[in-house]
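Written below as structure tokens is the structure these notes are about.
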Amino acid sequence: MNYRITSRIVLAIALLYASASPAQGKISANAPIDETLFTTYFFNDQTTATWVTCGSTQNTSGCYASGTLGPYGKIAAMMEGFPRTNVSTNTVSREIYVVDVAGGPNQDQVTLNVYKKTDMITPDFDTVTVVLTQSVPLALTGGTSAKALMAANRGFLFVGTNRSAMVDEIDKRSLAVTPLGPYSTNLTSITADQYGYVTVAFGFEFTVFGPDGSGQLGGGGTEFMLNPIQGVPATFPPPLQAPAR
């Protein structure tokens, strides 16, 4: 069965369901106004990504909107930013960050693409808009087989590829890029904790950056961080031997 066709059929049914189904839950007092809504994503051969917003409002439940991001050479990493709520307009906005590692004529340019997603929520519906606001070129090595790694805190994004011995630190407000490195080998992992500390590892070498983007700690080892949202498998980052002394 063709996955893309199946996804479109399921999406069409879900969008119709939103207008006919009673709500499954009520929004509690003082809760985020989008607490009962969620957005899922799926890739279309990694050149585009489809998003679908579903959940429930005060009076209805189902799926309310969908769209696509791209097309790109190869989407290698994605991340949502923290939500911002405007109670007076019943809107919630957040960024969606998309890393393309196969842009340009040689399919090796790395670009951070920044979208703004806005949910306007009423008792009966969620009207969603997603707009590309900026594309930021990164001085990293990409390619059609390159892998991208990304983590963030409230102020900064950290983006790299497994073909680069550097990582780019991007200020979320200004989108100014600060290259960090070079390190002794290519990037192997980027992880973060719930307080905004980010660890980047390059083989048997790591650096911890703080919430303000400054370096906090560095040394030898394959350190990584954990958070209460995403699990890290035992095979990540790959086990490495310490360099011979």
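The values are calculated or read from the model by the stated rules, or taken from the named source; none is laboratory data. Keep in mind that what you see is a predicted model, and the values were worked out from it rather than measured. Neighbour counts run over all protein chains shown; Cβ positions are idealised from the backbone, glycine included. Keep in mind that these areas ignore ligands, DNA and RNA; they rest on the heavy atoms of the full protein, side chains included. Shrake-Rupley method; radii C 1.70, N 1.55, O 1.52, S 1.80 Å.
Give me a count of the residues in the range 39-49 that are open to solvent by less than 30 Å² (accessible area, probe 1.4 Å) and either assigned to a loop (DSSP other than H, G, I, E, B) or in contact with a Leu (Cβ under 7 Å, 6 or more places away or on another chain) (or both).
The number of residues fulfilling the criteria is 2.
I'd like the full set of residues that are polar (S, T, N, Q), closer than 24 Å to Glu35 by Cα and under 18 Å from the mean Cα position of the chain (by Cα), limited to the range 121-144.
Of everything in the range 121-144, just one residue is polar (S, T, N, Q), closer than 24 Å to Glu35 by Cα and under 18 Å from the mean Cα position of the chain (by Cα), namely Thr129.
Take the conditions farther than 22 Å from Gly103 by Cβ and in a strand (DSSP E or B) and apply them to Val159. Does it pass?
no
Are there any pairs, at least 6 apart or on different chains, whose C-beta atoms fall under 6 Å, with the first in the range 34-50 and in contact (Cβ under 8 Å) with a residue 40 or more places away in the chain and the second open to solvent by 40 Å² or more (accessible area, probe 1.4 Å) and of a type in the set (A, V, I, L, M, F, W, C), and if so, which?
Ala49/Phe43; Thr50/Phe42
Filter the range 155-185 for residues that are within 15 Å of Gln109 (Cα to Cα) and either small (Gly, Ala, Ser) or touching an Asp or Glu at 6+ places or on another chain (Cβ under 7 Å) (or both) and give the result.
Val159, Gly160, Ser164 - these are the residues of the range 155-185 that are within 15 Å of Gln109 (Cα to Cα) and either small (Gly, Ala, Ser) or touching an Asp or Glu at 6+ places or on another chain (Cβ under 7 Å) (or both).
Being outside any strand (DSSP E or B) and either touching a strand residue (DSSP E or B) at 6+ places or on another chain (Cβ under 7 Å) or more than 26 Å from Val232 (Cα to Cα) (or both) narrows it down to one of Leu132, Leu140, so name that one.
Leu140
Taking the range 194-204 as the search range and keeping residues that are open to solvent by less than 50 Å² (accessible area, probe 1.4 Å) and at negative phi, which one is nearest to the chain's Cα centre (by Cα)?
As a first pass, look at the range 194-204 and keep what is open to solvent by less than 50 Å² (accessible area, probe 1.4 Å): 196, 198-203.
In the following step, the residues that additionally are at negative phi were identified as 198-202.
Values: Val198: 15, Thr199: 17, Val200: 17, Ala201: 19, Phe202: 21 Å.
Applying the filter and picking the extreme gives Val198.
Of all residues in the range 172-193, which are open to solvent by 10 Å² or more (accessible area, probe 1.4 Å), part of a loop (DSSP other than H, G, I, E, B) and out of contact with any Pro (no Cβ under 6 Å at 6 or more places or on another chain)?
Hits for the range 172-193 are Lys172, Arg173, Ser174, Leu175, Ala176, Gly181, Pro182, Tyr183, Ser184, Thr185, Asn186, Asp193.
Tell me, which residue of the range 205-226 that is polar (S, T, N, Q) and surrounded by 14 or more Cβ atoms within 10 Å (Cβ to Cβ) is farthest from the chain's Cα centre (by Cα)?
Thr222
Can you work out which of the residues in the range 79-107 that are in a loop (DSSP other than H, G, I, E, B) and among the hydroxyl-bearing types (Ser, Thr, Tyr) is least open to solvent (accessible area, probe 1.4 Å)?
Thr89
Which of the residues that make up the range 110-136 are crowded, with 19+ Cβ neighbours inside 10 Å and polar (S, T, N, Q)?
Within the range 110-136, Thr111, Asn113 qualify.
Is at least one residue of the range 137-150 surrounded by fewer than 18 Cβ atoms within 10 Å (Cβ to Cβ), aliphatic (A, V, I, L, M) and in contact (Cβ under 8 Å) with a residue 40 or more places away in the chain?
yes
Taking the range 50-78 only, how many residues are within 29 Å of Val101 (Cβ to Cβ), outside any loop (DSSP other than H, G, I, E, B) and among the small types (Gly, Ala, Ser)?
5
If the Cβ limit is 7 Å and pairs must be 6+ apart or interchain, which residue in the range 68-95 that is among the aliphatic types (A, V, I, L, M) and modelled with pLDDT of 95 or more pairs with which residue that is in a loop (DSSP other than H, G, I, E, B) and open to solvent by 60 Å² or more (accessible area, probe 1.4 Å)?
Qualifying pairs under 7 Å: Ile75/Gln46; Ala76/Lys147; Val92/Pro83.
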